[in-house]
1. Can you spot a residue in segment A:153-167 that is part of a strand (DSSP E or B) and within 26 Å of residue C:17 (Cα to Cα)?
2. If you scan segment A:14-32, which residues turn out to be farther than 21 Å from residue A:79 by Cβ and either assigned to a loop (DSSP other than H, G, I, E, B) or more than 7 Å from chain B (Cβ to nearest Cβ) (or both)?
3. Whether any residue in segment B:543-552 is outside any loop (DSSP other than H, G, I, E, B) and in contact with a strand residue (DSSP E or B) (Cβ under 6 Å, 6 or more places away or on another chain) is what I want to check.
4. Restricting segment B:55-69 to residues that are assigned to a loop (DSSP other than H, G, I, E, B) and in contact with a helix residue (DSSP H, G or I) (Cβ under 9 Å, 6 or more places away or on another chain), which is surrounded by the most Cβ atoms within 10 Å (Cβ to Cβ)?
5. Could you tell me whether any residue of segment C:186-200 is at negative phi, surrounded by fewer than 20 Cβ atoms within 10 Å (Cβ to Cβ), at pLDDT below 95 and in a helix (DSSP H, G or I)?
6. Sort out which residues of segment B:315-354 are surrounded by fewer than 22 Cβ atoms within 10 Å (Cβ to Cβ), touching a residue at least 24 places away in the same chain (Cβ under 8 Å) and more than 30 Å from the chain's Cα centre (by Cα), and write them in order of number.
7. Specify which of the listed residues (C:272, C:235, C:264) is without any contact (Cβ under 8 Å) to a residue 40 or more places away in the chain, more than 14 Å from chain A (Cβ to nearest Cβ), exposed (fewer than 15 other Cβ atoms within 10 Å of the Cβ) and in contact with a helix residue (DSSP H, G or I) (Cβ under 6 Å, 6 or more places away or on another chain).
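The values are calculated or read from the model by the stated rules, or taken from the named source; none is laboratory data. Being a predicted model, the structure only gives us computed values, none of them experimental. Glycine also receives a Cβ, built like all others from the backbone with ideal geometry; neighbour counts cover every protein chain displayed.
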């Protein structure tokens, strides 16, 4: 079982519903976010192009944050989701420094926090809060090992890319381009 | 028992030097209850149905509460045609409105002169007695019709009933003359029906969506953005006409970077191409329209080459985009837009768009405009309303005969005493609209306010307008109250229930209670004879085959269509509600009033040297100026930015991220500085900013002073002679690098 | 022109606008750790080489400060933690892939060792020291006899400590400035150099000072070599690495790095020490302090500049 997410940059309008939905669902403190939206504009007026990406922790297959955690608080659970066990985290910040995507942040309560692919919802058969809220339905989530899951289906028919593959982290967040 | 946080804080003091940010701890505390332990969260507990009130789309949703019974999150109702189970960022951010500690908490009565914002707390009884006393005095001295209601939101239903019972029909929503009014009149003149809200656009099934003056994707009309995404999936093409590279433009097959204020020329050229290339829907035009020959003669010389000289758009781009539309017809939509009050000839511009739709045969066809139907929910029985002696029209004899709704700016103007006019408005009740940021030319609005005997503001937040009130009444948010049944038109008639998810916080009350209490003091309690909202709603719902209990369980009920089909049948005989009974390409209604029956291009003023056209728009994270203080939404966007083309920025020496002041052609400088965003996405002759920032009321702790207000820079208003719409895009700004010396207004 | 912005307003504390999660605590600890490693290494080496008496300062005097600087270092590490009450979790597991875990365990080894080493040489500083209890006197005598073994353990673990302070950063290749394997040897060299400088400072014997001055010069030359190669490596690498190197070649860290670390911390001390070897009179406190200063600044600058360098945005 390997969970992954695919995001269609052609349909995303950058509304950031995914950010608010995550914040309310997961009680993310005000001033912090587990996911964010990036807008890239290329060109000169009027020859222009925009790519919009909703980003979050990539739940990497080769996660540097898991490797460098000195207490084992950062660990990989079923489906490849990277989680933080709050009572094992000492707040040293190594995982934060080791993430090339800057996906983690220090929670005001002391431990380190990040996107969990809403594992508490996934276990009940629901989709992550961001995927469920997105008005343009541009986010796909599912099990890559299941050829019929939404994410497997869409990756079969669309071109996609990942972010900084050269960092060697093997990210599982795919951007459809 | 101390919770984990307290424990850490206590022992943290012992260890010394915690690198924690205590301020974020304090704000975080406002938010719901304890954080999730590990990755486990509480199970989905009870949920109650609601209808969102952050914007006007009225999406139905579910409010979830956590195990402590406090509001946790809001999610869309899957049965709802407006939201299809997915709310927009503002709807999802609704808890921020509920938890906002800057909310109005108690009734306030002004103690010093208007604008000094010095109030004292009062009890509801005291506030109601004050208001009723003043209203009776105005009725005696001038007449009850001199009290007007300016409203935007569900409170308007009850306050409107109150006012009509009182004897005044002067109820205005600024969304008419300040926003969509011109297109409603234009479509009435053409098709005999307005566009409505939500717009009857069949985007889901369209093959070509033409956005001229619509930045769908940055404006968050929830259902339309969703359908646009569906359309993209199905391979539809988008044509965007915008001087700015909007998000919609980035998803378009053709982007026409038009010179601002020249849209009418482009529309007329498109009409010319469709007619003279014979790409229009001949059968549809033959069968259903009137005035084709006049139209054809009218646009004879309005070629793409003519339009090129005006719009700077290449002729073959105009032709190619017209062909794209024609190939997709009838599944093509020339989107009517929403906020269309630009230059004063807006009704005519909307007419041109309506004519285009008619030529393409999209009205009433799949992929074009469907025929909406709404459920009729009977009102709770009440005595007939007294006939008002005068209406706002009496203040403008002979003018704006075609305006079908009351003009808010008209009420405002008619509040300023004028020797030629017998009387003026003496009392305003304002609910759910921040007039200072809504009606352009703020100085006039303030002048009007100073001439009032009574200004009552009913609002949830201490917006700028509350500072000018005599009485401020704190309304509770939509999450804390019942309201009238939502019966908006859509593809299928449907109703939705809003019920409270929580008790009103502080000393706030719903608008229906306020209206009823005021009615009692004015002797009008017969118009509010229900004992509770539950009683009223249950009775109403039983009239349409359901009940309050069922609606509390399901939230949304959809019915089958009972008349007409969703689309016109092929070769169906149809009559339209126009003078000729047909779709009027040539408008007899406009001709009768002495206006151009066919749209004529008139050039508009251009920015003087060193000035740039001020264009404004929306961001999907915010609604008007309403949400700037919402903690969740402020996290997404806390201030607006002035978009400046890199060439212009270089000329002025402005760096990206630098804070500058904007000053308009009348010497009005923005109260607060605005961050410059140097971007290629904006033309060199324009500056763009998102509306709704630059709040001046210090009580809005998160919104005060952030960003700049475009409304205060809109001092030149171009009034549409046809229906009184206030065109706001004829203002120009230049850049300044320090604030104005004297105190800025308010 | 490319415009890349985060439209949803991300402003995570300590992450945005650029990472600044590690403040003075980490570089201070790395400096103290490197210094301790340097001093202990020399102490161990000369003990093993049976040159203890020739280099009394190195072996018997300088190591006395080590336990205390390690304690300060550990305290500052504790202060850096954000979830401090759980710090003991570090010692519930050994994670071989995590340099921080190594560091925690190595410190667990080196700190007691340094206390022991200090204890068995306590009479160098306090000649009238009395252990009082019989068991302590016997323990001291026993450990003194095992000195060579202790020295071996200490020497090896001090090398691990010195290298680990550099590898700690280079393990985080998410920060392009740290994504170089030269950082480990560089920090080890810097630590040894600092250790040598302390011995130089404390030593009263001319012969010892001469040897250590030579050692110091040698190590600094190696450091300069490593720094040059580090920059060559960055400039020949990907764009993010070039951007990271630009921080020191025209960017905001140019002046601090080249002036404090290289000129003041390396070149001038070399120059002064060469002069001293040529029999010019130079108060030894100057080059020694400069070396220590430069070593401290190296840690600070690499730590802060590294957090500014990034792959995205």
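1. Yes.
2. Within segment A:14-32, A:14, A:15, A:16, A:27, A:28, A:29, A:30, A:31, A:32 qualify.
3. no
4. Only one residue tops the list, namely B:59.
5. For segment C:186-200, residues at negative phi, surrounded by fewer than 20 Cβ atoms within 10 Å (Cβ to Cβ), at pLDDT below 95 and in a helix (DSSP H, G or I): absent.
6. Hits for segment B:315-354 are B:317, B:319, B:320, B:323, B:324, B:326, B:327.
7. Only one candidate qualifies: C:235.
Condition check ((1) closer than 25 Å to residue B:193 by Cβ; (2) out of contact with any strand residue (DSSP E or B) (no Cβ under 9 Å at 6 or more places or on another chain)) across all residues:
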{"site": "B:366", "(1), (2)": "yes, yes"}
{"site": "B:369", "(1), (2)": "yes, no"}
{"site": "B:379", "(1), (2)": "yes, yes"}
{"site": "B:386", "(1), (2)": "no, yes"}
{"site": "B:398", "(1), (2)": "no, yes"}
{"site": "B:403", "(1), (2)": "yes, yes"}
{"site": "B:407", "(1), (2)": "yes, no"}
